[in-house]
Amino acid sequence: MLPGLIYGRDNVDGLKTGTTDIAGACFTGTAEENGMRVITVVMNAGDGETNKGARFEATSQIMDYAFANWEMKDIVKKGDSNKALKPLTVDKGKEDSVKLIIDEDLKMLVQKDTDVKNLNVTFTMKDGLLTSDNKIEAPVKKGLEVGTAQIVPANDTLGYVDGSQGKTVKVVTENAVEKAGFFSLMGRNISEFFSNLF
């Protein structure tokens, strides 16, 4: 199926034929188009003699289907935030909170009619990072890894074998938060004290 051969097809770059009495004529093929790689497996396509091209014709049909109906789509970009990524409250910091962002670009293989806005984002906090009252203690570094975000389909819309699993990306702090000085903390505590009185 390499370009220029009898069953040649553009963008095919492998892979392997094989024939056994039990499995029949088989072929594992691979091709890449528009940044998306497809690997196909065809088994028992006859005996390999009666119709020598059966395994390659079946492979071509599978590749046609895959490239016509699926694509790699940008789901989130590095630096994006999301409603699932709520700011963390900072304890003893010059700022009261720190915003969370996604640390890497994420592409996913989806059906071409998939609305990526229907994909859900879930956030999992890194163990041992927060204090007992669910705050992060200052100082906080910019780019500190605080957990992971998982992109999952709503109602298994992706058509994967296991639709409950999605891609996972790192979540980090957007900026640094310095530790507040003694007088700043005292002033804040006094302000909170009087605001609770009235």
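The values are calculated or read from the model by the stated rules, or taken from the named source; none is laboratory data. This structure is a prediction, so every number in the text was calculated from the model and none was measured. When we count neighbours, we look across all protein chains shown, and the Cβ atoms used for this are built from the backbone with ideal geometry, even at glycine. Note: accessible area is taken over every heavy atom of the protein model, side chains too, but ligands, DNA and RNA are not part of it. Shrake-Rupley method; radii C 1.70, N 1.55, O 1.52, S 1.80 Å.
Of note:
- Strands (runs of 3 or more DSSP E) contained in region 38-109 and holding at least 1 residues among the basic types (Lys, Arg): 70-76
- Selection from region 51-94 of residues that are among the aliphatic types (A, V, I, L, M) and under 22 Å from residue 34 (Cα atoms): 58, 62, 63, 66, 68, 72, 75, 76
- Matching residues, region 105-140, being of a type in the set (D, E, K, R), surrounded by fewer than 12 Cβ atoms within 10 Å (Cβ to Cβ) and either touching a residue at least 40 places away in the same chain (Cβ under 8 Å) or within 19 Å of residue 93 (Cα to Cα) (or both): 112, 133
- Checked across region 5-28, the condition of being open to solvent by less than 60 Å² (accessible area, probe 1.4 Å), in a loop (DSSP other than H, G, I, E, B) and among the aliphatic types (A, V, I, L, M) holds for at least one residue.
- In region 10-24, the residues that are more than 14 Å from residue 59 (Cβ to Cβ) reach residues that are outside any loop (DSSP other than H, G, I, E, B) with C-beta atoms within less than 7 angstrom, at least six apart or across chains, in these pairs: 19/25; 19/26.
- Being modelled with pLDDT of 90 or more and under 25 Å from the mean Cα position of the chain (by Cα) is a condition met by at least one residue of region 110-125.
- Here the condition is being of a type in the set (A, V, I, L, M) and open to solvent by 80 Å² or more (accessible area, probe 1.4 Å); of 72, 43, it holds for 43 alone.
- The number of residues in region 28-51 being out of contact with any Leu (no Cβ under 8 Å at 6 or more places or on another chain), at negative phi and modelled with pLDDT of 90 or more comes to 10.
- Residue count, region 55-87 (criterion: within 21 Å of the chain's Cα centre (by Cα) and among the polar types (S, T, N, Q)): 3
- For region 114-125, the set of residues classified as assigned to a loop (DSSP other than H, G, I, E, B) and over 21 Å from residue 37 (Cβ atoms) consists of 115 only.
- Verdict on residue 49 being of a type outside the set (Ser, Thr, Tyr) and under 35 Å from the mean Cα position of the chain (by Cα): no
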